[in-house]
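Below is one structure; the comments refer to it alone.
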Amino acid sequence: DQLDTITAAKKIRVAIDLGVPPYGMKDDKLNSTGSDVETAQLLAKDLGLELEIVPTTGANRIPFLQTDKADIVISSLSVTPEREKVIDFSIPFAGIAAVVGAPKSMNIKSAADLSGKKVVSTRGTTNDQEITKILPKDATIVRFDDDATSITAIVSNQADIFATAPSLLKVINEKNPAKQMEVKFTMKVNMLAVGLRKGEPKLKEKINGWIRVNLKNGKLNAIYKKFHGADLPEEVTKNGA
Amino acid sequence: MTHEQLTYLLLGAVGTLELSVLTFIAGGLAGLGMALARISPVRGVRVAAAAWIQVVQGTPLLVLMGLCFYGPNIIGIGSVPALVAAALAMTIYSSAFLGEIWRGCIQSVHKSQWEAAECIGLTRWQRMAKVVLPQALRIATPPTVGFMVQIIKNTSIASLVIGFAELSYNAKVLNNSTFQPFIYFGCAALLYFAMCYPLSRWSRTLERKLNATRG
Amino acid sequence: MQPVVELDQVHKKFGALHVLRGVSFSVTKGQVVAIIGKSGSGKSTALRCMDRLETVNSGTIHVCGHAVHDAALDVRALRRDVGIVFQGYNLFPHLTALQNITLGLTSVKRMSPADAREVAMEVLAHVGLAEKAVAYPEQLSGGQQQRVAIARSLAMKPQVMLFDEVTSALDPELTGEVLKVIETLASEGMTMVLVTHEMAFARGVADKIIFMHEGQIREEGDASMLAAPKTPELRQFLGNGL
Amino acid sequence: MQPVVELDQVHKKFGALHVLRGVSFSVTKGQVVAIIGKSGSGKSTALRCMDRLETVNSGTIHVCGHAVHDAALDVRALRRDVGIVFQGYNLFPHLTALQNITLGLTSVKRMSPADAREVAMEVLAHVGLAEKAVAYPEQLSGGQQQRVAIARSLAMKPQVMLFDEVTSALDPELTGEVLKVIETLASEGMTMVLVTHEMAFARGVADKIIFMHEGQIREEGDASMLAAPKTPELRQFLGNGL
Amino acid sequence: MKYQFDFSSVLAQWPLLLEGAWVTIQLSFLATVAGFVLGALCALGRGSRHGWLRRLVGVYVEGIRNTPLLIQAYFLIFGLSSVGVTMPILAGAVLALVINIGAYTCEIIRAGIESIHKGQLEAADCLGMSKLQVFWHVILRPAVERVYPSLTSQFVLLMLASSIMSSIGAEELFGIANRIQSDTFRNFEIFLVLWAIYLALSYMMRLGFWLLGQIVFTRRRKLGTPL
Ligand SMILES: Nc1ncnc2c1ncn2[C@@H]1O[C@H](COP(=O)(O)OP(=O)(O)OP(=O)(O)O)[C@@H](O)[C@H]1O
Ligand SMILES: Nc1ncnc2c1ncn2[C@@H]1O[C@H](COP(=O)(O)OP(=O)(O)OP(=O)(O)O)[C@@H](O)[C@H]1O
Ligand SMILES: [Mg+2]
Ligand SMILES: [Mg+2]
């Protein structure tokens, strides 16, 4: 049983993508930080375990879990039916919107307006799946391995349109104010949860319990607000008990 | 670039060197085995070694990395650390290339040397160890040093699948929080150059010396 | 007296090429046999068969009691009793003259390095090169290299020595010094088979001369045979060769 | 008659080495001139200067109306009028005999491939190698390669041909076939300058023989000069050389 | 841990894989052709009379050969676009590969050129051929013929290395595979399938080069020299 293994090792290995500001990133002093990182830190502290961050990429999050490179994944991981087939999820601890962002000057209101344009997305993310579904035939997608590289591509003017989370648009505007990226339309709102290997009910229950407590006491909301500048959506907070 | 960032880049260079040295030792041993297998008196061994080399040389390092990273887990060995997976992939890769380089060097030692050693009554292994390999070593040094450059450069691929923290990976991480690709990738390129260029030069000097003493 | 070397009806083919076509001769202890014949007649091949550097197709070869034609031969035991020197001296270029000689002593005869060194210095002195012990092959002249090669074989204390045109790559003056070494060996009673194109030398040193032609022995006899060739082939060979 | 080749007080130095020390001679149309002299006397250098493969330090050279010593010389025009053949045949190894010959015709003379082929076959026949047209150099003997090299030069229809010891790398029998080709050319009235060490040949084919010694012309005359050398150098040279 | 192999979901994506392989082939083909031309020109430049040109080519060749392709690609795509020079991703990928292979090709061809005997050049000069004609007929062709085996292996390595271009956004075989992986989560199967495809591609490429060699280098065909 995995919970026993973790408890025995006094250490929990959490896979986090450190290239997705503000979820996971390095600060100026090169310390890991971000909402996912603080969530993981809080979890480890509450469970009385040492935290080992396993750096991962968007596409590698689930393989890492499957091949035991990490015990759990806290890495802006949205709950999707495809993923539920191969891994288990905890109850949601945060929410994330999949949006299409572009500079203010561009006139885009729906997927149809993307016709003939170049859109950036990050391989293996829900954003990628959503945009692939709705994109007009004559538009192209350029995919990168992680959000950071995608952001680099936008910031360095490789492309202008980005299928992503709203918070990443904020990051781009900080780095390259001339871009004036804004949300053009929302594709979907996803629940973020902790990813676990299948068939570990004890660990899952333990984490679910922890999420409920911390949603109730507002600690998770505080972390979210600190990095994303908004409160958690109500669909998430209602799980607090 | 801040002091921390520079340290971080240099730390990456250390990671690169670590992986390179590990690869060179393990890959060198495997390559020697492969070279010997390629000229083994047993046909089966020769064929197997040739097939191994053909297959490895036809596979991108990126795919080898993936196989070595996920493979041990799949076949039940358990999870391996990134450094081990990367070193394993690089070792497999080097075994094929060094094996071929060294086989060529061993075979370029003239057949009459083998015969002369045979006529004094040396066993096959004594002939190899005392007569052929010492001579092959001299010929093999320049291309081997040249291949070390390949190893150092190719460690950069370890970051793509495995996320092993070497120089390219750290440069990317830095870029990901600052978005100044010119600076960080430029610095990384310079650091790689600083590691590789002396080896390239050395290899060329060795080669010139070898040609001079031969001609 | 039991012969030291005995070939009986030896045949050797390289693919379709029938190089030895029934060669028979014997060498007794202390005898010096010279093999002559024109290029391609199979002289080297015959010599190489005696040291199992080639395997024969049929016929028997016995050397110092070893059945050389036998697939089950203990090759290393044979090589302990036979020394062979080639045209290309085949010294090991990465070892000094001394090390070239001690290599076999320490690794085959398992002598201690000190003993090996002593033996090596002795044979080097024998070929007149004691002062070149620490020189590398490339620092030696062709004749000196050839003498080291002979010393290397001698050091193993073989019962029979085989020489394959050991002087053909040398200048006349270097040739002389090598031939002198071989003459000394002959006078000391070493059993030897030598392939040579130096007729004068063959005449002077050999107890028996064998003339090969197209893979067969055409004539065999002592030095007087060269003065009065019986076959037209030998007559022609001597006419060209001298 | 206006000379085809004329050297006047030619000096040539390689660094400190003064190789040609005032060489003057001329060749008229249809004349065959043989240059002889011992190794290092500057024969090749003189020949190479005539085709501007080396530039002279002082003096003048005129070949077929081109001022070869002049820095402003149109080198390609000169080379259209001069054919040169060296000791090492320098055939292009990746081309067949025929292609070796057509290459110059199509790329320099801009002939159509069909015309070039016709000319090439003609000159190949001239040197007796029509049946080797599709062979690659490595499939030809040295003598055959040298004849192809001559054919390659001939095909360009030069007004003068230069030969530098074209037979010195060949066996006697192969030498013969190449010399025969040169003799034929001579009988057809080709102007030629040849450096050679074949005295008998020089005597037979040359209208004029030039003896060089230490970068200077010591003697010059027709074949009879070889029978009665005037200078001690020529006498010594002939003594050694024959 | 027991792992259930399941190739069906991976193989079901064969049209995508085929598409990726096609992109890989195109990338490699373009890079091979352009890289060869660039390499040959650089080899010419390295033997130039002009010192500055020789040095320039030297800096290029050494710079490229002593840094990883990955860094070169990042530099080219993100570095250049951050100073305002943007190009389509695929064009950038081809350019990165061309610049990379050009340096290697230059070195290989140069070795071939150095092995050509000086007498050959003199003979060609004496026929009155122009510099360019000499370079083409007497230097380049035989030099390339001599180093053809090393050249072809370098080009096969280039095809394999083009997988790295997925990380700068090129949707070639490896990039496609990464996408399939994130849809199906069958990462190990993906790598096995990829392995097979790359092996097949590299053998096809070798075969292609062998055929090309047979056609271009008639001498080798005729004399039966193995390529
Ligand atoms: N390993 C081999 N494979 C095929 N043919 C061989 C081999 N060794 C020798 N031959 C051929 O066998 C024939 C006899 O060769 P051998 O070397 O015995 O002649 P030889 O009398 O020693 O001549 P030489 O005086 O030139 O050394 C030659 O035609 C040679 O080409
Ligand atoms: N490119 C060069 N650089 C320096 N020295 C040279 C060069 N070419 C020739 N020499 C020297 O010039 C001298 C004359 O050489 P040349 O080749 O003309 O002699 P040769 O009469 O043709 O002799 P041989 O009969 O040996 O061919 C020689 O001492 C030679 O070493
Ligand atoms: Mg022989
Ligand atoms: Mg000369």
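Can you tell me the FRET efficiency between E:Ser115 and B:Lys209 if r is taken as the Cβ-Cβ distance and R0 is 22 Å, rounded to the nearest 0.05? With R0 = 22 Å, the Cβ-Cβ based efficiency is 0.70. Taking only the Cα atoms of region B:94-173, the radius of gyration and Dmax are 18.7, 62 Å. For chain C, DSSP calls about 55 percent of its internal beta bridges antiparallel.
All Cα-Cα separations within region D:83-202 were binned at 5 Å from zero, giving a P(r) of 2, 12, 24, 25, 21, 11, 4, 1, 0, each value a whole percent of the pairs.
Working from Cα positions, state the angle (0 to 90°, nearest 10) between the long axis of helix B:167-178 and the longest principal axis of chain B. Result, in degrees: 10. Run the Debye formula on the Cα coordinates of region A:61-194, all scatterers equal and no solvent, and tell me log10 I(q)/I(0) at q = 0.11, 0.15 1/Å. Each listed q maps to, in turn, -0.40, -0.72.
Dividing the mean sequence gap of close Cα pairs (under 8 Å, 6+ apart) by how many residues chain C holds gives a relative contact order of 27 percent. Put a dot 7 Å past the Cα of A:Lys225, heading toward its Cβ, do the same for D:Arg76, and the two dots end up 8.4 nm apart. Inter-chain neighbour count for C:150-158: the average number of beta-carbon atoms from partner chains within 10 Å of each residue's beta-carbon is 1. Convex hull volume of the C-alpha atoms in region E:8-223, normalised per residue: 142 Å³.
Note on chain B: dipole from Cβ charges, positive end direction compared against B:Gly76, B:Asn175, B:Val109; the farthest Cα belongs to B:Val109.
Label-point distances for C:Ser26 to the equivalent site in the other copies, using a point 7 angstrom along Cα→C-beta, read 8.5 nm when ranked shortest first. Between D:Glu122 and E:Lys222, what FRET efficiency follows from the Cβ-Cβ distance if R0 is 25 Å, with the result rounded to 0.05? In this case the efficiency is close to 0.55.
Under a no-solvent Debye model with one identical scatterer per Cα of region B:1-91, what's log10 I(q)/I(0) at q = 0.13, 0.17, 0.22, 0.24 Å⁻¹? Normalising to I(0) and taking log10 leaves -0.59, -0.87, -1.12, -1.17. For region C:94-115, backbone nitrogen atoms closer than 14 Å to the point 7 Å from C:Val134 Cα along Cα-to-C-beta are found at C:96-99. Between A:Asp138, A:Asp113, A:Asp128, the residue with the greatest mean-square fluctuation in the GNM of chain A (Cα pairs under 10 Å linked by springs) is A:Asp138.
Considering only DSSP beta bridges with both partners in the protein assembly as shown, what is the antiparallel share in %, to the nearest 5? Before the final figure, lay out the partial values.
Numbers: 61 of 112 bridges.
Beta bridges within the protein assembly as shown, antiparallel portion: roughly 55 percent.
Calculated FRET efficiency, B:Leu32 to D:Gln9, Cβ-Cβ distance, R0 = 51 Å: about 0.15 to the nearest 0.05. Shown for chain E: cysteine residues without a partner Cβ closer than 4.7 Å, namely E:Cys126. Label reach from B:Val45 (point 7 Å along Cα→C-beta): in region B:84-111, amide nitrogens under 15 Å belong to B:103. The share of Cα pairs per 10 Å bin across chain A, counted from zero up to the longest distance, runs 8, 33, 35, 18, 6, 0 percent. Packing here is the average count of other Cβ atoms within 10 Å per residue, and on that basis the peptides C:101-113, D:98-110, highest first, run D:98-110, C:101-113. Over region E:116-227, all Cα pairs binned in 10 Å intervals from 0 give whole-percent P(r) values of 12, 28, 23, 18, 12, 5, 1, listed from short to long. Can you give me the angle between helix B:61-74 and the longest principal axis of chain B, using Cα atoms only, in degrees from 0 to 90, rounded to the nearest 10? Helix B:61-74 sits at roughly 90 degrees to that axis. Every Cα-Cα pair of chain C was included, and the share exceeding 22 Å stands at 53 percent.
Taken along its principal axes, the alpha carbon cloud of region E:176-227 reaches lengths of 53, 14, 7 Å, longest axis first. Over region D:21-162, the Kirkwood radius and the radius of gyration, each from Cα atoms, give a ratio Rg/Rh of 1.00. Centre-to-centre, using Cα atoms only, region E:102-140 and region A:79-148 are separated by 55 Å. Summarising the rotation from chain C to chain D, the nearest chain C beta-carbon to the axis and its distance in Å are given as C:Ala169, 11. Comment: the Cα-to-Cβ extended label point of C:Ser141, at 7 Å, lies 3.7 nm from its counterparts in the other copies, nearest first. Measuring nothing but how far apart in sequence close Cα pairs (under 8 Å, 6+ apart) lie, relative to its length, region B:3-214 scores a relative contact order of 29 percent.
Distance from the Cα centroid of region B:1-79 to that of region A:227-241 is 47 Å (rounded to whole angstrom). Would you kindly calculate the translational diffusion coefficient of region A:1-101, applying Stokes-Einstein with the Kirkwood radius from alpha carbon pairs, for 10 °C and a viscosity of 1.306 mPa s, and quote it in µm² s⁻¹ without decimals? D, rounded to a whole number, is 112 µm²/s. The mean number of partner chain beta-carbon atoms within 10 angstrom of a residue's beta-carbon across peptide D:74-80 is 3. Can you classify region B:3-214 as rounded, prolate or oblate using the Cα gyration tensor, where a ≥ b ≥ c are the square roots of its eigenvalues, rounded means a/c under 1.5, and otherwise it's prolate if a/b beats b/c and oblate if not? Verdict is oblate for region B:3-214. Across the identical copies, the label point of D:Lys180 (7 Å from Cα in the Cβ direction) is separated from its matches by 5.0 nm, in order from shortest.
For region A:186-241, rounded, prolate or oblate, judged on the Cα gyration tensor with a ≥ b ≥ c (square roots of eigenvalues), a/c < 1.5 rounded, else prolate if a/b > b/c? Oblate, because a/c is 1.5 or more while a/b does not exceed b/c. When Rg and the Kirkwood radius Rh are both evaluated on Cα atoms of region D:60-141, their ratio Rg/Rh stands at 1.05.
Highest mean first, the peptides D:139-152, B:198-211 sorted by other C-beta atoms within 10 Å per residue fall in the order D:139-152, B:198-211. Normalised by 2.2 N^0.38 Å, with N the number of residues, the alpha-carbon radius of gyration of region E:16-120 equals 1.23. Dividing the radius of gyration of the alpha carbons in the protein assembly as shown by their Kirkwood radius gives 1.09 for Rg/Rh. Could you state the angle between the C-alpha long axis of helix B:82-107 and the longest principal axis of the C-alpha atoms of chain B, as a value from 0 to 90 degrees rounded to the nearest 10? Compared with the principal axis, the helix lies near 30 degrees.
Mean per-residue shielding of peptide B:2-10 is 2, counting Cβ atoms of other chains within 10 Å of each Cβ. The value of relative contact order for region C:123-210, using C-alpha pairs under 8 Å at least six residues apart, is 29 percent.
No value in this document is a laboratory result; all are computed from the given coordinates. Just so it is clear, the model here is predicted, and its values are computed rather than measured. Positions of Cβ are generated from backbone atoms using ideal geometry, with glycine treated the same way; all protein chains shown enter the neighbour counts.
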